[in-house]
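Asker: Next up is a structure, given as structure tokens.
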Amino acid sequence: MHRRGGAAAVAACALVVAACGSNKPPPAAASTVIARVGSDNITLAQFNVRYQSADTSIVQGGGGDPPPAAVTQLRAAILRSLILDTVIREKAGELGLEATTAEVDAEVATDAQQAGGMSALKTELAGAGGSIAQLDDEIGSNLNEQRVENVFAQQRAVLIEGFLAKGASFIATAKTYSDDNGSTGTAAKGGDLGVLTAAQLKTYDPVFATAVEALKIGAYTKTPVHDAGGYDIVMLYSKTAAGWGVRHILVYAGNPYNVMDRPSWFTEDLFTAVDQLCSANEIEVSLTNAGGNPCTSPSPSPSPAASSPKPTTTATPAG
């Protein structure tokens, strides 16, 4: 994702804490365990990193000290996010894709260099209600989610290809499955990008453009095209001097990845995984005055990440 933009995005992360992730950095000292997901523990230290950042950002934003009811809601949201992010991290581990401490440290070092040094970065983060610990948390979780979502997206794109191979209508399939939606997206139009001129096509991801140029009229890519938007199934319905008439089906896995564009199908997959863990008694919560236990309360509504506008174009323009 276009990560953070320094401290400003850390503040945004804190304000939508349910959409932010956890890399589960090892605590400097033993910390009280407040929840368990499978064989992994969630500690009070991890919880406090998020809570302190969120609370500081709310106060700095003019919200003042939250009332008791709001505190309980915030604690519940943080706990849910930690549980969901632990599920993601465990899946990343199963896939051999879990973010390493070295990878997180490297990104922090890059941020520090851009800020003018580690001291300057710490000052910038503190001004937005964040900290290095919170930044570690965010970076690791983003890497884990991006990698897991990418694998799931590829699998979903292959599944959609199977529907088309069995004779499903490209237009109807795009309306049902494409993540290119929102107010200006193409899903509702059966994936129709319109007629793209040569100049317009050059502004798209080169991988996408190459796929379009290689297709014959009426054909679609039999292998999903991995471009900047994710996994694309591209169909050419016309070719004239004016340009290429293109339809597409996008399975979102953006690069750079933005958790706020998390597609609803991915959120549903995660909630299904949580429900399965609950059924197997693999989630336990001991934190008090929080709520947020997915096994004893209704499944949470999709986070802001799941309900936010999706990408409005599949093949992200180059640059």
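Nothing in this text is a laboratory measurement; each read-out follows from the coordinates by a stated rule. These figures come from a predicted structure and were not determined experimentally. Here the Cβ positions follow ideal geometry from the backbone for every residue, glycine too, while neighbour counts run over all protein chains shown.
Asker: Give me the one-decimal nm value for the distance between modelled label points at A126 and S39, 7 Å along each residue's Cα-to-Cβ direction.
Answerer: Spacing of the two 7 Å Cα→Cβ label points: 4.0 nm.
Asker: From the square roots a ≥ b ≥ c of the eigenvalues of the alpha-carbon gyration tensor of the stretch 185-302, which class results: rounded (a/c under 1.5), prolate (a/b over b/c), or oblate?
Answerer: prolate
Asker: Shape verdict for the stretch 41-104, please, from the Cα gyration tensor: rounded (a/c under 1.5), prolate (a/b greater than b/c) or oblate. Working shown, then result.
Answerer: Details: a/c = 3.29, a/b = 2.15, b/c = 1.53.
Verdict is prolate for the stretch 41-104.
Asker: Tell me whether the stretch 169-252 comes out rounded, prolate or oblate; compute the Cα gyration tensor, take square roots of the eigenvalues as a ≥ b ≥ c, and use a/c under 1.5 as the rounded threshold.
Answerer: rounded
Asker: For Q155, put the label point 7 Å out on the Cα→Cβ axis and report which residues of the stretch 192-234 keep their amide N under 20 Å from it.
Answerer: Answer for this model: 223-227, 230-233.
Asker: Please arrange L84, L159 by how many other C-beta atoms lie within 10 Å of their C-beta, fewest to most.
Answerer: Details: L84 25, L159 11.
Fewest to most other Cβ atoms nearby, the residues stand as L159, L84.
Asker: Under unit Cβ charges (Lys, Arg +1; Asp, Glu -1), what dipole magnitude, rounded to 20 debye, does the stretch 169-252 have relative to its Cα centre?
Answerer: With only Lys, Arg, Asp and Glu charged at Cβ, the dipole is about 280 debye.
Asker: Right, next: Sorting check: for 251-264, 99-112, 69-82, which peptide has the highest mean count of neighbouring beta carbons within 10 Å, and how do the rest follow?
Answerer: Descending packing order for the listed peptides: 251-264, 69-82, 99-112.
Asker: Further question: Here are some pairs, K91/K189; K91/K216; K175/K222; K175/K239; K166/K202; K91/K202; which of them have Cα atoms lying more than 29 Å apart in this structure?
Answerer: In this structure, K91/K189; K91/K216; K166/K202; K91/K202 lie more than 29 Å apart at Cα.
Asker: Now for a separate question. Tell me which residues come under 5 Å, amide H to amide H, from L196 once H is placed; ignore anything under 5 positions away on its chain.
Answerer: For L196, the qualifying residues are W244, G245, V246.
Asker: Can you tell me the relative contact order of the stretch 169-252? Whole percent, Cα pairs under 8 Å, sequence separation 6 or more.
Answerer: Normalised by residue count, the contact order of the stretch 169-252 is 33 percent.
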